[in-house]
Amino acid sequence: MKYAYYPGCSLTESAREYDASTRLVMADLGAQVEEIEDWTCCGASAVESVSRLLTYTLPARNLALVERAAASAGRDARVPDVLVPCAACYLNLLRVGEEAGRDRALAGNINEVLAVEDMHWSGAARVRHLLDVLVNDVGADAVREAVIAPLKGLVVAPYYGCQILRPYPKFDDPEHPRSMEPLIEALGAETYAWSSGARCCGASLMATKKEVALRSTGRILLDAQGADVIVTVCPMCQMNLEAYQSEALAAVGGGERVAVAYLPQLMGLAFGLDEEALLLARNMELTRRFRDKVARRFADAPQAEPQAEPETEPA
Amino acid sequence: MAPATEHADAATAKAPEAPRAPAAAPAPAPDPRAQALEAALDEVRHMVAGCMQCGTCSASCPNQFAMDLTPRRMWRLLLHGYADEVMDSKTFYLCSSCYGCTLRCPRGLPLTRAMAALKRASILRGGPGQRRHGAFYATFVDNVRRLGRVNETDLMAHYFVALRDPLAPFSFMPLGLRMLAKGKAGLHGSPQRGRLGPLFAKVREMEEKP
């Protein structure tokens with residue numbers, strides 16, 4: 001398993017914990033993850049509101065970098081899949097192929113722009129979200145084998161957000177996604193049954209129409225009251241759910257705070273990886289309830305000790 | 001006396017040679033900006049031309065409660081020549097790109113893309129409302145152009161300036177401080193500063209071609 005890794009801007013700054021835990025967990029699972037050299041911003045969800053052509057060329061530039069690197073590696077080098085942890089980056093990169101793939105004029109325009117850097121996009125690099133790779137390339141069985149400290153008794157609410165499954169449902173049901181459940185159970189934890197897993201958190205309305213986004217976020221937090229933690233697979237969902245809890249809960253009439261963590265952080269905890277290496281201290285809402293339950297994981301597995309480099313060999 | 005000077009830059013207004021009477025301007029040459037706006041609106045009309053008014057989009061929208069026009073009503077108004085009513089509404093600025101409507105539309109229309117296209121049309125139309133609503137997107141893209149990769153702290157600082165609302169930063173200040181404490185905010189240099197300059201220039205050149 002070899003991937004060209006596109007971290008995206010958030011993962012270099014506010015979501016560094018998502019970046020660090022993704023790299024550690026993928027390495028633990030035996031995957032080779034190589035950051036794309038010279039990558040630039042994909043335009044996020046803002047660029048489409050400003051320029052149609054930029055919407056496609058900004059992400060296409062990064063895919064062209066992957067193609068060029070593969071070409072310079074030799075005539076027979078396979079173009080690797082592009083691994084993307086951020087939902088907005090994933091959608092932007094994915095839709096280049098989805099739309100320009102059947103629109104020659106658009107493809108021509110994209111390549112006319114990329115020619116200023118002597119680059120070309122052909123669509124050879126397949127775009128994959130981290131969750132897709134974990135579920136379909138790695139698989140729940142390999143995850144279970146990597147677990148040395150099962151998260152027994154931890155109730156986990158899987159939060160998928162919007163853009164990893166809509167408008168292009170590549171690996172799960174876009175209305176009622178369930179792909180995270182086998183992973184959660186492989187970690188020894190329990191899946192929390194709820195209906196807010198694919199409900200919008202408000203996204204960038206948190207910056208432009210805060211009072212509207214707070215209601216969206218508040219409803220999700222209310223629905224998660226029975227869970228010990230919400231796990232996310234998107235830096236913007238994570239930020240909206242963890243950073244505005246007092247205002248969001250107030251907007252929907254009150255409720256208890258809920259811990260929020262990235263999926264690979266939770267996986268890292270079950271793999272026995274060091275909490276500091278997983279950058280858990282950067283999370284903005286980790287409740288006592290969550291911490292207490294997670295602290296018990298080594299008590300349940302007395303033979304396991306916390307270590308930075310567990311010697312589990314993935315299948 | 002000339003009403004045009006009201007909006008003109010002070011330096012220009014005081015320039016000595018301005019005897020030309022604005023009223024003398026002859027027959028309306030087509031305004032390229034108005035033409036571009038009409039073309040942008042046509043693009044949206046084309047996207048939603050197949051709308052059969054079932055209202056699934058409105059029912060699926062998580063932000064509909066805050067909109068002045070429901071999405072279903074907005075598409076109808078646009079197709080029937082009420083472009084100003086659509087442009088004056090804040091409906092399309094309340095789209096959070098969740099793609100719920102796009103997924104469920106029984107006609108398979110690209111409604112989320114149509115919302116974004118309306119935001120682009122609104123930039124061409126201009127006006128004070130647009131400046132405020134569009135400030136975030138414009139600032140974001142400018143951040144990408146300058147830095148190659150987005151710096152969230154730089155983005156928010158420029159956004160507050162663009163909003164021209166001295167109170168705006170206060171609602172984000174407690175969070176900003178918490179993020180600083182967590183090491184999640186800060187003005188670090190971008191390793192890719194200026195990297196996207198040529199690409200942006202080329203896109204601009206192509207988009208300004210008629």
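Across chain B, Cα-Cα pairs farther apart than 20 Å form 70% of the total.
In a simple Cβ point-charge model (Lys, Arg +1; Asp, Glu -1; nothing else charged), the protein assembly as shown has a dipole of about 1440 debye relative to its Cα centre.
Post the alpha-carbon centroid distance, region A:179-211 to region B:47-78, in whole angstrom. Going from one Cα centre to the other spans 26 Å.
Its alpha carbons give region A:63-183 an Rg and a Dmax of 17.7, 56 Å. Taking a ≥ b ≥ c as the square roots of the eigenvalues of the Cα gyration tensor, chain A is oblate, since a/c reaches 1.5 or more and a/b is not larger than b/c.
Interface area, chains B and A: about 5300 Å² of buried accessible surface, summed, with a 1.4 Å probe and ligands, DNA and RNA left out.
For chain B, excluding the exposed loop sites themselves (trypsin sites (Lys or Arg not before Pro), DSSP loop, at most 10 other Cβ atoms within 10 Å), the longest remaining stretch covers B:21-210. Give the Debye-formula value of log10 I(q)/I(0) at each listed q (0.18, 0.19 Å⁻¹), with one equal scatterer per alpha carbon of region A:139-300, two decimals each. One equal scatterer on each Cα of region A:139-300 leads to -1.11, -1.22. Restricting the trypsin sites (Lys or Arg not before Pro) of region A:50-97 to loop positions (DSSP other than H, G, I, E, B) with no more than 16 neighbouring Cβ atoms within 10 Å leaves A:75, A:78.
Evaluated with a Cβ-only charge set (Lys, Arg +1; Asp, Glu -1), chain B carries a dipole of roughly 860 debye about its Cα centre, given to the nearest 20. Overall, the ratio between the Cα radius of gyration of region B:32-125 and 2.2 N^0.38 Å, rounded to two decimals, is 0.98. Each semi-axis of the equivalent ellipsoid for region A:95-148 is √(5λ) with λ an eigenvalue of the Cα gyration tensor; in descending order they amount to 36, 12, 6 Å.
Quick one: grab the alpha carbon gyration tensor of region A:229-304, order the square roots of its eigenvalues as a ≥ b ≥ c, and give me rounded if a/c is under 1.5, else prolate or oblate depending on whether a/b is larger than b/c. Note, shape of region A:229-304 comes out prolate.
With Rg and the Kirkwood Rh both taken from Cα atoms, where does Rg over Rh land for region A:2-130?
My calculation puts Rg/Rh at 0.96.
Here is the size of the protein assembly as shown from its Cα atoms: Rg then Dmax, 24.5, 92 Å.
Once divided by 2.2 N^0.38 Å, the Cα radius of gyration of region B:98-205 becomes 1.31. Using a cut-off of 29 Å between Cα atoms, the listed pairs B:119/B:209; A:293/B:184; A:210/A:293 include A:210/A:293 as exceeding that distance. Scanning chain A for GluC sites (Glu not before Pro) that sit in a DSSP loop and have at most 10 other Cβ atoms within 10 Å, the longest stretch containing none of them is A:38-275.
Can you compute the helix-only [θ] at 222 nm over chain A? Use -39500 (n - 2.57) per DSSP H run of at least 4 residues, normalise by all residues, nearest 500 deg cm²/dmol.
For chain A, the value works out to -11000 deg cm²/dmol.
The values are calculated or read from the model by the stated rules, or taken from the named source; none is laboratory data. Predicted, not measured: the structure shown is a model, and the values here were computed from it. Positions of Cβ are backbone-derived with ideal geometry, glycine not excepted, and every protein chain shown enters the neighbour counts. These accessible areas exclude ligands, DNA and RNA; they are computed on the full protein's heavy atoms, side chains included. Shrake-Rupley method; radii C 1.70, N 1.55, O 1.52, S 1.80 Å.
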